[in-house]
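**Q** What follows is a single structure, and I will ask about it in a moment.
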Amino acid sequence: MLFLGCHLSASEGFAAMVKTAEGIGANTFAFFTRNPRGSRAKEEDPADAARAVEMLQSGGFGPLVAHGAYTMNLCGADPDARAFAASILADDLRRMAALPGNFYNFHPGSHVKQGVETGVEYISQALRAALAPGYPVRVCLETMAGKGTEVGGNFRELRMILDAVGSSEVGVCLDTCHVYDGGYDIVNDLDGVLAEFDREIGLDRLWAMHLNDSKNPFSSHKDRHACIGEGSLGTDAFRRIVNHPALKGKPMILETPNELPGYAREIALLRGLEKKA
Ligand code: FE
Ligand code: FE
Ligand code: ZN
């Protein structure tokens, strides 16, 4: 089963997102748990969440992949800002309990020249604290393009975080634009990259995908998303991705520069690339 969707606006609530998703042929989706460039979150609406859970089930949806705010940096240099980011993470996981069994993905953070080891330590501290209450949500670390001092620009750094957290509730969301930008050649050697992922992290920890083409060439560490088939990855790379046995059944989220009609077209395009048995 191909679970495909895109980022949707959470402004009208969870049930409205499920309805929008169904209207564009999606059977998963992503949403920001709070203002992506700030920290404000919507007021919680348990009745809306309960309705959404029912709709997701009856609609045959795969797991959703919520996204933490871009501004949440768990490994910044300022202790107060770091504590604030950790409190946002904890609050996000608590809120996700209204949609049990889904994923929460976030950017590990930027160590701002404190070094990868220090960054990993801060990120894992925050994760251990946020995971302690045992909410029914699994957390994905996103593979990053390796821009500036981003942590998570290679598989080894993600492995370091997973080891330091020591919880089976944490896995990885693989972003196709980011890994290609980060120097993993999924265009010419998808099998090799997945084998490396398996050696470094373990494919059992690969839980979700972000499907984006890239505006920049291989290994450019830039992180600029392009529409599917319009960037340096190209349509054939996505044909191999949606048909790869190791990626079957993972929720695949588009973060391409589109409005809803464009997302509907890309979802249809990707469904068309799937080889029917
Ligand atoms: Fe992201
Ligand atoms: Fe992404
Ligand atoms: Zn990106």
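**Q** Need one value: the accessible area of Thr118 in square angstrom, 1.4 angstrom probe, rounded to the nearest 10.
**A** Thr118 has an accessible surface of roughly 50 Å² with all protein chains in place.
**Q** Can I ask one more? Restricting to DSSP H runs of at least four residues, report the calculated mean residue ellipticity at 222 nm for the chain, -39500 (n - 2.57) per run over all residues, nearest 500 deg cm²/dmol.
**A** The per-residue figure over the chain is -12000 deg cm²/dmol.
**Q** What nm value, rounded to one decimal, do you get for the distance between Thr149 and Lys113 when each label is placed 7 Å out toward the C-beta?
**A** About 0.7 nm separates the two model spin labels.
**Q** Report relative contact order for the chain in percent, whole number only (criteria: Cα-Cα under 8 Å, sequence separation at least 6).
**A** Here the relative contact order equals 18 percent.
**Q** Given labels modelled 7 Å from the Cα in the Cβ direction, how far is it in nm from Ala246 to Glu22?
**A** According to this spin-label approximation, the distance is 3.6 nm.
**Q** Between Glu54 and Arg94, take the C-beta separation as r, use R0 = 22 Å, and let me know the FRET efficiency to the nearest 0.05.
**A** Taking R0 as 22 Å, the efficiency between Glu54 and Arg94 is 0.55.
**Q** Please give me the summed charge of the neighbours of Phe238: other residues whose Cβ is under 12 Å from its Cβ, Lys and Arg +1, Asp and Glu -1.
**A** -2
**Q** What do you reckon, how do Ser11, Ser232 stack up by accessible area (1.4 Å probe), largest on top?
**A** Ser11, Ser232
**Q** Stretch Lys222-Ala195 to full length: gain in nm at 0.36 nm per residue minus the Cα-Cα span? Numbers along the way, then the final one.
**A** On the way: separation 27, 0.36 × 27 = 9.72 nm, distance 2.43 nm.
Gain on stretching Lys222 to Ala195: 7.3 nm.
**Q** Need one value: the accessible area of Glu230 in square angstrom, 1.4 angstrom probe, rounded to the nearest 10.
**A** Around 140 Å² of this residue is reachable by solvent.
**Q** Which residues' amide hydrogens lie under 5 Å from the amide hydrogen of Asp175, considering only partners 5 or more residues apart or on another chain, with H built in the peptide plane?
**A** It is Thr143, His210, by chain and number.
**Q** Grab the alpha carbons of region 129-195, take their convex hull, and tell me the volume per residue in Å³.
**A** Cα convex hull per residue, to the nearest whole number: 99 Å³.
**Q** Starting from the Cα of Phe84, step 7 Å along the direction of its Cβ; do the same at Ala132; then give the gap between the two resulting points in nm.
**A** Rounded to a tenth, the inter-label distance reads 2.3 nm.
**Q** Taking the C-alpha atoms of region 3-273, how large are the radius of gyration and the largest Cα-Cα span, Dmax, in Å?
**A** 17.4, 49
**Q** Could I ask something else about it? Find the centroid of the Cα atoms in region 1-56 and in region 135-183, then give the distance between the two in whole Å.
**A** Their Cα centres are 23 Å away from one another.
**Q** Taking a threshold of 30 Å on the Cα-Cα distance, which of the pairs Lys42/Lys113; Lys147/Lys250; Lys19/Lys250 fall above it?
**A** Long pairs (Cα-Cα over 30 Å): Lys42/Lys113.
**Q** Determine the order of Arg128, Arg82, Arg156, Arg271 by accessible area, beginning with the largest, at a probe radius of 1.4 Å.
**A** Heavy-atom accessible area, descending, gives Arg156, Arg128, Arg271, Arg82.
**Q** At a 1.4 Å probe, what is the % contribution of carbon and sulfur to the accessible area of the chain? Write down the numbers at each step before the final one.
**A** Numbers: 5950 of 11610 Å².
Answer for the chain: carbon and sulfur cover 51 percent of the accessible area.
**Q** I'd like to check one number: the per residue accessible area of the chain, probe 1.4 Å, reported in Å² as a whole number. Could you put the intermediate results ahead of the total?
**A** Values: 11610 Å² over 277 residues.
I get 42 Å² per residue for the chain.
The values are calculated or read from the model by the stated rules, or taken from the named source; none is laboratory data. Because the structure is a prediction, the values reported are computed rather than measured. When we count neighbours, we look across all protein chains shown, and the Cβ atoms used for this are built from the backbone with ideal geometry, even at glycine. We work out accessible area using only protein heavy atoms, side chains counted, and drop any ligands, DNA or RNA first. Shrake-Rupley method; radii C 1.70, N 1.55, O 1.52, S 1.80 Å.
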